[in-house]
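Right, one structure below, let's go through it.
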Protein chains: 2
Amino acid sequence: MILLKNVFLNNKVCDILIDGNHLAQIADLIDMPEAQVIDCRGKAILPSFCNTHTHASMMFLRGIGEDKNLFDWLNQDIFPREAKLKPEHIYPLSRYAILEMIKTGTTCFTDMYFYIPGTIKAVEDMGIRGIIPYLGMDFFDDQKTEESIREGIAHIKSPHTNERITKALCCHSVYTCSQKLIQTFSDLAKKYDTYLQIHVSETQKEVDDCIQKFGCRPVELLYQWGVMGPKTLFAHAVHLNDDEIALIKKTGTTLAHCPTSNLKLGSGQMGLQKYLDAGLNLTLGTDGVSSNNSLSMISEMKLAALSAKNKANSVLAGKVDDIFDIATKNGFEAFSIKAGEIKEGNLADFILVDMNNQFLLPNNNLQSNMIYAADSSCITDVFCNGKPVMTNKVIPHEKEIIAGFKDVCAALKK
Amino acid sequence: MILLKNVFLNNKVCDILIDGNHLAQIADLIDMPEAQVIDCRGKAILPSFCNTHTHASMMFLRGIGEDKNLFDWLNQDIFPREAKLKPEHIYPLSRYAILEMIKTGTTCFTDMYFYIPGTIKAVEDMGIRGIIPYLGMDFFDDQKTEESIREGIAHIKSPHTNERITKALCCHSVYTCSQKLIQTFSDLAKKYDTYLQIHVSETQKEVDDCIQKFGCRPVELLYQWGVMGPKTLFAHAVHLNDDEIALIKKTGTTLAHCPTSNLKLGSGQMGLQKYLDAGLNLTLGTDGVSSNNSLSMISEMKLAALSAKNKANSVLAGKVDDIFDIATKNGFEAFSIKAGEIKEGNLADFILVDMNNQFLLPNNNLQSNMIYAADSSCITDVFCNGKPVMTNKVIPHEKEIIAGFKDVCAALKK
């Protein structure tokens, strides 16, 4: 048992007992001699972040091909470099990504990439949570469809289990995946009671191409194909019409909003407030560093708020509470993980922040400070599943992780 | 003399000699036995930032009145609190603001606020540069006009001098200041060869009201009044038509772009790329924390880039080099301060960043990393005018500065 003594929660000082992986008790004063005591004077507890859309292993691509058109960027910069990737590169790349996540207060992420065993091992070793899907992308080639289905099933059925890892499925998009692959993955996700993730309506071009090919918009298509529902996550969803918003609402499908990536790649600006007002399940993601170029959910919250106000042309849009929720509890809820709020019975996923940190003063509004003023320097400790993954700003093996990452970057440059 | 040994500059390792307040020599190897040597292995040198629009002493208002309409926010939250401010509060508030500036790499700022002696003393003590104007705002009251002119002259003519402080003048706006005040301050600025700052076309309402009252738009009005020129700084300038852009270009007037504040207050989204393409003098400002809520130029650069791409609907807008320039050399240039680039003969205003910091790897593009991925944790040292103001992340008297700030916040709550 771990006992957090004198920690700020909702502007009051309290004690919090962690028993196993849970927040067991929150009270003014807890006396528990057998617990390991952590002195939290001057620190506040907040839920950790859940990053619902990223590509962790793309870390080596940070800063590559800035300010280019999407086509040039992909073909000149991203694809040639990705082609050099080997399975053994993924573990060091994912570990490095998770290092950045932990430093910025994230304890759970949804990934979408290749060679997933390396990512799974990185999540296990770093101590956080991952929703790790097998990524299907068949480019309408029957042989690749069968191969993807075979590998997807193998991933879902693999005996390997860890309470912090959720095995899932993913189809890249309607413009890279066949109907058969998407529907089979959807059926498999239902059969094995797991999650299906897909990029949807990221760009206007995607919508236009879909209408031309299928005679309907992407969300309408995916609805017809029966793949929508509470365990389906649509990443981006920038370009939705009102009918599509209604379908998402009706099916309880979750959206992963990636405002930085959408602006950086010129995909468009999602109307966050409109979707919130429609009652959609909104969560927040950074996307990969190649289009952000950070995995910080703190920085993502600030842009989400400002972008929402701009798109709605109203300062009443993108309110502090809503922005904090999409970055924390909405994400965990989407994956049925009992975290994202500091309350008894919840999993002990949380961060401690230094209330004397420059950026968190004055303490008029802690959530606003986290969204608009904070950076990684505010976070002192990160816990996941009841265990510390960063203690007084120290993450175990950091130097080794950075060295391993540099080695991979050097190897991929050759 | 100070000798920076083995510092990264433009991806090469070199030595840099600081003599007095200048960068005296940059070479592969410098041998200077009498210099104080600073081991810079693993660190890169970059120009420090120049924040061309802020209200430093508003630090106590961070997080107050979030997500409200401008009118409610000002009247319910900001004005009642500002009314309690006394001259003695300004020094601790400004010191705290400068602490935040230094931590985020800024060594020069343009202020706009009341009770300026406290701000001047804070700039002196903290070791950075300030363009500190007397702020005129007469609300069209003749008695206040005369008082403002008297005090403005006293400020400009005061014997107090410090090479890091530039005394200047400021009129709040065309909707709060009389023609007489604005023109007199403009004439005084010319007479004393200093700078004139004014909020211009921040909101569409300001433009509409100006047209109604004067029959022309704000920039046209200020041009007619003869106040534009290379030593005039327009803050915001969100809503300009092509004629106004041409007037700004023709007169060499400088603009302070404040993208976060503009989006947060719902003022609108400036078209940065359009202005850059027109050849205007663009600089970058955070505005005060009450509408940002941070003084970090790093975070401001990221939003400037993303906002530029969004507004222009082009990923080719808001390019890395341009964004870095508006945050550094353009700002210093606007105030005739020879800094903002690391080159021989320039003033020694710079930052050192840790090239092994999580957020600066891989080093594909250091400027892009600074704009899109970095935060305060990357900056280890800050120099201004040849002297260190932060050394290995330590700023002298930090605890005392924070304590003094908390005392003022507490006093202002009563």
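The values are calculated or read from the model by the stated rules, or taken from the named source; none is laboratory data. The model shown is predicted, which means the values in this text are computed figures rather than measured ones. Counting neighbours? That spans all protein chains shown, and the Cβs are built from the backbone with ideal geometry, glycine included.
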| remark: The condition from (1) surrounded by fewer than 18 Cβ atoms within 10 Å (Cβ to Cβ); (2) outside any helix (DSSP H, G or I); (3) within 13 Å of another protein chain (Cβ to nearest Cβ) that A:P396 misses is numbered (3)
| task | Report whether or not A:I351 is crowded, with 21+ Cβ neighbours inside 10 Å, assigned to a strand (DSSP E or B) and away from every other protein chain (no Cβ under 11 Å). | result | yes
| request: State whether one or more residues within segment A:148-162 are of a type in the set (D, E, K, R), closer than 17 Å to A:L233 by Cα and surrounded by fewer than 16 Cβ atoms within 10 Å (Cβ to Cβ). | output: no
| said: Among the residues in segment A:324-345, are any surrounded by 22 or more Cβ atoms within 10 Å (Cβ to Cβ) and modelled with pLDDT under 95? | reply: no
| If B:K406 satisfies every condition in (1) facing chain A (nearest Cβ under 8 Å); (2) more than 30 Å from A:E400 (Cα to Cα); (3) in contact with a helix residue (DSSP H, G or I) (Cβ under 8 Å, 6 or more places away or on another chain) but one, which is the exception? | (3)
| said: Six or more apart or on different chains, Cβ atoms under 8 Å: show the pairs whose first residue is in segment A:70-81 and touching a residue at least 12 places away in the same chain (Cβ under 8 Å) and whose second is charged (D, E, K, R) and not in a helix (DSSP H, G or I). | reply: A:D77/A:K68
| task | Output the residues belonging to segment B:163-186 that are part of a strand (DSSP E or B) and closer than 30 Å to B:A348 by Cα. | result | B:I165, B:T166, B:K167, B:A168, B:L169, B:C170
| query | Just wondering, is there one or more residues in segment B:32-55 that are part of a helix (DSSP H, G or I) and within 14 Å of chain A (Cβ to nearest Cβ)? | reply | no
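On the basis of being exposed (fewer than 15 other Cβ atoms within 10 Å of the Cβ) and within 21 Å of the chain's Cα centre (by Cα), does A:D209 make the cut?
no
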| Restricting attention to segment B:295-316, which residues are surrounded by fewer than 24 Cβ atoms within 10 Å (Cβ to Cβ), at the interface with another protein chain (Cβ under 8 Å from one of its Cβ atoms) and over 16 Å from A:N292 (Cβ atoms)? | B:N313, B:S314, B:L316
| said: So for segment B:283-292 (the condition being in contact with a Pro (Cβ under 8 Å, 6 or more places away or on another chain), closer than 27 Å to B:P133 by Cα and among the small types (G, A, S)), does at least one residue qualify? | reply: no
| field | Verdict on A:A411 being at pLDDT below 95, surrounded by fewer than 21 Cβ atoms within 10 Å (Cβ to Cβ) and not in a loop (DSSP other than H, G, I, E, B) | value | yes
| Given the residues B:S173, B:S186, B:S178, B:S201, which is the only one that is more than 24 Å from B:L284 (Cα to Cα) and without any contact (Cβ under 8 Å) to a residue 60 or more places away in the chain? | B:S178
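A quick yes/no check of all residues on (1) more than 13 Å from chain B (Cβ to nearest Cβ); (2) touching a helix residue (DSSP H, G or I) at 6+ places or on another chain (Cβ under 6 Å); (3) free of Cβ contacts under 8 Å to residues at least 60 places away in the same chain; (4) surrounded by fewer than 24 Cβ atoms within 10 Å (Cβ to Cβ):
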| site | (1), (2), (3), (4) |
| --- | --- |
| A:K249 | yes, no, yes, yes |
| A:T254 | yes, yes, no, no |
| A:Q269 | no, yes, yes, yes |
| A:T283 | yes, yes, no, no |
| query | Quick one: is A:K84 in a loop (DSSP other than H, G, I, E, B), surrounded by fewer than 19 Cβ atoms within 10 Å (Cβ to Cβ) and in contact (Cβ under 8 Å) with a residue 24 or more places away in the chain? | reply | yes
| task | Answer with yes or no whether A:T184 is under 24 Å from the mean Cα position of the chain (by Cα), in the same structural domain as A:P259 (by TED's automatic domain parsing) and not small (G, A, S). | result | no
| Selection status of B:T119, in a helix (DSSP H, G or I), modelled with pLDDT of 95 or more, of a type in the set (S, T, N, Q) and in contact with a Gly (Cβ under 8 Å, 6 or more places away or on another chain) | yes
| said: Need the failing condition index for A:Q25 against (1) within 12 Å of chain B (Cβ to nearest Cβ); (2) in a strand (DSSP E or B), just the number. | reply: (1)
| task | Consider A:N69 carefully, then state whether it is within 22 Å of A:P396 (Cβ to Cβ) and either within 14 Å of chain B (Cβ to nearest Cβ) or buried (at least 23 other Cβ atoms within 10 Å of the Cβ) (or both). | result | no
| Just a yes or no: is a residue in segment B:218-237 buried (at least 18 other Cβ atoms within 10 Å of the Cβ) and touching an Asp or Glu at 6+ places or on another chain (Cβ under 6 Å)? | yes
